[in-house]
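Okay, so here's the structure we're looking at.
The values are calculated or read from the model by the stated rules, or taken from the named source; none is laboratory data. This one's a predicted model, so the numbers in the text were calculated from it and none came from an experiment. In this analysis, Cβ positions are derived from the backbone assuming ideal geometry, glycine residues included, and neighbour counts consider all displayed protein chains. With ligands, DNA and RNA removed, areas are computed over all heavy atoms of the protein, side chains included. Shrake-Rupley method; radii C 1.70, N 1.55, O 1.52, S 1.80 Å.
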Amino acid sequence: MKNLHDMGVVEAAAAIRSGDITAEALASALLERARTFSGLNAFVTLDADQVMAAARRADQQRQAGQALGSLHGVPIAFKDNINTAGLPTTAGTPALRAHRPKTDAPVVKALKDAGAIAFGKAGMHELAFGISSNNQAFGAIRNPFGDRHIPGGSSGGSGAAVGARLVPASIGSDTGGSVRVPAAFCGVMGFRPTVLRWPQAGIVPISSTRDTAGPLARHAADLAALDAAVTGDASPVPVKRLSDLRIGVPRSFFWDDLEPETASICEAALDVLKRAGVTLIEVDLHEIAVPNEAVSFTVALYEVKRDLDAYLRDEGIAPRFAEIVAEVASPDVKAALDPLLNPASEVPAKAYREAMEIHRPKLISLYRACFAENQIDAVVFPTTPLPAPLVGEDDNVTLNGRVVPTFATVIRNTDPGSNAGLPGISLPAGLTSAGLPVGLEFDAPAGGDRDLLSLAIALEELLPAPPTP
């Protein structure tokens, strides 16, 4: 049998169910690997005794002949902004170090009800406001493919843990790319569901308009299994024949100004799809740039004060937004949030209303027209314009000889679909000459989540397997 740490979610669940392996053996192997690769700093909290106790209970339930859920005995990590009873939920920020939720977030409860074991809390960019996961309160998280490089963010610990095979899957959150960026940088798959398909409750928020939890794993079938467990949508993933797939290629905007190796790897992936019978259609989405810019940070920076305060009230936590921001440790997060404390520099209500009533509907309309008029299943583009930057390049990075802002550049391609509420999935496309992973993203129409997962399962056979660091 293969190494236990190489097992995916569906594979491990089947092996536990059949008795080929025990949940205790799997948990023990993953804990040992997490100790070996502790230098990645992927976890903020990892209680080995708690994990092993849960694994033993899972084995006892099987031996007693109890009904087993679809994920029985499978360890899954949770990003540290997702409420987990019995473990801290800090959102990577000092003011919440002592926060221990009384109940699980609905996402966690659904996965536990399916038999999954909570395998610690994965580290993140502070308050999820960034893509480097260079967290000054809990330490920088490292990329398993090169520890001088970032793992992406804000779900950086989730990406590092799944990429390094410390856990078969992790649940992150995605506001503008925070599941898909770490998936791309860490050589795994990341799925952002349609907004509100996965429940938002019990997750430290940025923006109720844009936020969603989502899974990272190494197999598309695992993403589908996790989606089914969370949503209760057990409908079979439709079988997709490659010759029936029609995928749009939005050259302008999404394929502009790419780092050369990223461009060549993603172009090669398109050639593989075309040779396999997938129909690729050039489509035009350049008009999304203006409404997307009007929506993006305007909505996030307006809603975070309201939504974070609502979360804190629901959790019975005394500090409010201003007190949380006062203790922020990471300079880039401080720079983003401090202006919101001053009425002269906060996002004006008028700008927010225009974003929600004019620009976001326009963005949604442009996507809807593109999908309908071209009769396409999805659009495809490089998940990020460049591979993982170095740890410390929080503010600026060099792209094609120019110094550009790191955050805005990395999320350039993932952000528009987020603002339109679309489902998206990043798949591994290959490695650069320096051994850094590159991701290829597919975005589908809102509500087309199971079809998108089906597309990913079909394309998984064509694209490179998730690489081993």
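Worth a mention:
- Checking each residue in the stretch 269-309 for being of a type in the set (D, E, K, R) and part of a helix (DSSP H, G or I) picks out Asp271, Lys274, Arg275, Glu287, Glu293, Glu303, Lys305, Arg306, Asp307, Asp309.
- Scanning the stretch 16-40 for residues being in a helix (DSSP H, G or I), open to solvent by 10 Å² or more (accessible area, probe 1.4 Å), over 19 Å from Gly159 (Cβ atoms) and among the small types (Gly, Ala, Ser) gives a total of 4.
- Qualifying residue in the stretch 75-90 (condition: open to solvent by 20 Å² or more (accessible area, probe 1.4 Å), part of a loop (DSSP other than H, G, I, E, B) and of a type in the set (A, V, I, L, M)): yes
- Pairs are defined by a Cβ separation below 7 Å, a sequence spacing of at least 6 or placement on different chains, a first member in the stretch 383-408 that is over 20 Å from Ala183 (Cα atoms), and a second member that is hydroxyl-bearing (Ser, Thr, Tyr); the pairs so defined are Asp395/Thr406; Asn396/Thr406; Leu399/Thr409.
- The listed residues are Gly417, Gly421, and the only one of them that is open to solvent by less than 40 Å² (accessible area, probe 1.4 Å) and on the phi > 0 side of the Ramachandran plot turns out to be Gly421.
- Of the strands (runs of 3 or more DSSP E) contained entirely in the stretch 181-268, those carrying at least 3 residues that are in contact with a Lys or Arg (Cβ under 7 Å, 6 or more places away or on another chain) and on the phi < 0 side of the Ramachandran plot fall at 189-192.
- Pairs, first within 19 Å of Ala378 (Cα to Cα) and at pLDDT 95 or above in the stretch 285-301, second open to solvent by less than 10 Å² (accessible area, probe 1.4 Å) and not in a helix (DSSP H, G or I), C-beta under 9 Å, six or more apart: Leu285/Gly248; Leu285/Pro250; Leu285/Val379; His286/Pro250; Ile288/Pro250
- Out of Thr432, Thr409, Thr384, one residue alone is within 27 Å of Phe297 (Cβ to Cβ), modelled with pLDDT of 95 or more, open to solvent by 10 Å² or more (accessible area, probe 1.4 Å) and among the β-branched types (Val, Ile, Thr). It is Thr409.
- For the stretch 91-103, a residue qualifies if it is at negative phi and open to solvent by less than 40 Å² (accessible area, probe 1.4 Å), and the qualifying residues are Thr93, Pro94, Ala95, Leu96, His99, Pro101.
- Restricting Asn400, Asn374 to residues that are of a type in the set (S, T, N, Q), open to solvent by 50 Å² or more (accessible area, probe 1.4 Å) and out of contact with any Ser or Thr (no Cβ under 6 Å at 6 or more places or on another chain) narrows the list to Asn400.
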